[in-house]
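Structure, as structure tokens:
Laboratory data are not the source of any read-out in this text; all were calculated from the coordinates shown. As the structure is a computational prediction, the values presented were derived from the model and not from experiment. All Cβ positions, even for glycine, are placed from backbone atoms using ideal geometry, and neighbour counts span all protein chains on display.
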Amino acid sequence: MTDSPLILVIEDETSLTTLLRYNLESHRFRVASIENGGDAMSTIASTKPDLVLLDWMLPGVSGIEICRKIRRDPETHNLPVILLTARGEESDRVRGLDCGADDYVVKPFVISELIARIGAVLRRAAPTSAAQSLASGDITMDLASYRVSRSGRSIHLGPTEYRLLRHFMEHPGRVLSRDHLLEAVWGRAVHIEQRTVDVHVRRLRQALNGDGEVDVIRTVRSAGYAFSA
């Protein structure tokens, strides 16, 4: 049991926390929980969870702000986060994912689906190889420090753009459809529209391509995108 993943539940509804704890432990996860968003970062530092289940509407500090803090901190930058929220509009989903959440679950939810999403996020977060960096042309990605550079120039990317670039660099030259990118970068269970991919590809292009630099992302009409540096 000690080797099983530790899930930190940050939720102010005691009854929901109890339900989550029972079901997570039934699936051999270890569980820690807190109700106050203000204690989130110190608890994460002390417990070192493998994944955080984070309520959006917390008293004091919102789940969105906690997620942003997690992504800004080099020690927790790659910590998987799943947002739990009653806000089900697509604009809310996009906002939640833009803050760096790996997935987004709308209340009320089916426990079995949540367990499946936790497993999927943990699998995506697991190292896929021993490589510590990726390089293509003049673009370098340090997987350990989450640093990206082009021709020595530091590139600042949001969490989604970082995951998108990593997937592109792991599949150079291959035409990747929007559906493929949605599944690979956002996860199959996340219900957002294909145009969200276009928005993040545009942001990635703006960050990567400086004055006089070649656009490394090619739009393939009616097919998707291809990366070549």
For the chain, what does the relative contact order come out to in percent, with C-alpha contacts under 8 Å and a separation of six or more? 14 percent
Between residue 42 and residue 209, what FRET efficiency comes out of the Förster formula 1/(1 + (r/R0)^6) with R0 = 30 Å and r the beta carbon distance, rounded to 0.05? 0.15
Using a Förster distance of 35 angstrom, determine the FRET efficiency expected from the C-beta separation of residue 125 and residue 149, and round it to 0.05. 0.90
Whole-Hz ³J(HN,Hα) for each residue in segment 102-117, computed from phi via Karplus 6.51 cos²θ - 1.76 cosθ + 1.60 with θ = phi - 60°, x for glycine and proline: what do you get? 7, 7, 8, 10, 8, 7, x, 10, 8, 4, 4, 5, 4, 4, 5, 5
Counting only DSSP beta bridges with both residues in the chain, what percent are antiparallel, rounded to the nearest 5? 50 percent
So what's the back-of-envelope 222 nm ellipticity for the chain, counting only DSSP H runs of four-plus at -39500 (n - 2.57) apiece and dividing by all residues, rounded to 500? -11000 deg cm²/dmol
In Å, what Kirkwood hydrodynamic radius results for segment 6-125 from the alpha-carbon pair distances? 14.1 Å
Could you pull out every residue, at least 5 positions away or on a different chain, whose amide H is within less than 5 Å of the one on residue 104? Hs are placed 1.01 Å off N in the peptide plane, and Pro or chain starts have none. 83
Given Cα pairs under 8 Å that are at least 6 residues apart, what percent is the relative contact order of segment 41-91? 43 percent
Report the equivalent ellipsoid semi-axes for segment 133-227 in whole Å, largest first, defined as the square roots of five times the eigenvalues of the gyration tensor built from alpha carbon atoms. 21, 15, 12
Looking at the calculated P(r) for the chain, what percent of the C-alpha pair distances fall above 33 Å? 19 percent
Using the Karplus curve 6.51 cos²θ - 1.76 cosθ + 1.60 with θ = phi - 60°, work out ³J(HN,Hα) for each residue of segment 33-39 in order, rounded to whole Hz, and write x for Gly and Pro. 8, 9, 9, 10, x, x, 9
What is the packing order of peptides 46-55, 114-123, 142-151, 212-221, taking the mean over residues of other C-beta atoms within 10 Å and listing the highest first? 46-55, 114-123, 142-151, 212-221
Segment 217-229 - phi-based ³J(HN,Hα) in whole Hz, Karplus 6.51/-1.76/1.60, Gly and Pro as x: 10, 9, 7, 9, 3, 6, 10, x, 9, 9, 10, 8, 10
Signed unit charges on C-beta, dipole axis of segment 133-227, positive-most listed residue 217, 152, 197: 197
For segment 6-125, what relative contact order do you get, as a whole percent, if you take Cα pairs closer than 8 Å and at least 6 residues apart? 23 percent
Which FRET efficiency value, to the nearest 0.05, do you get for residue 170 and residue 4 by plugging their Cβ-Cβ distance into 1/(1 + (r/R0)^6) with R0 = 25 Å? 0.30
At residue 16 and residue 68, where each label point lies 7 Å from the Cα along Cα→Cβ, what is the point-to-point distance in nanometres? 2.1 nm
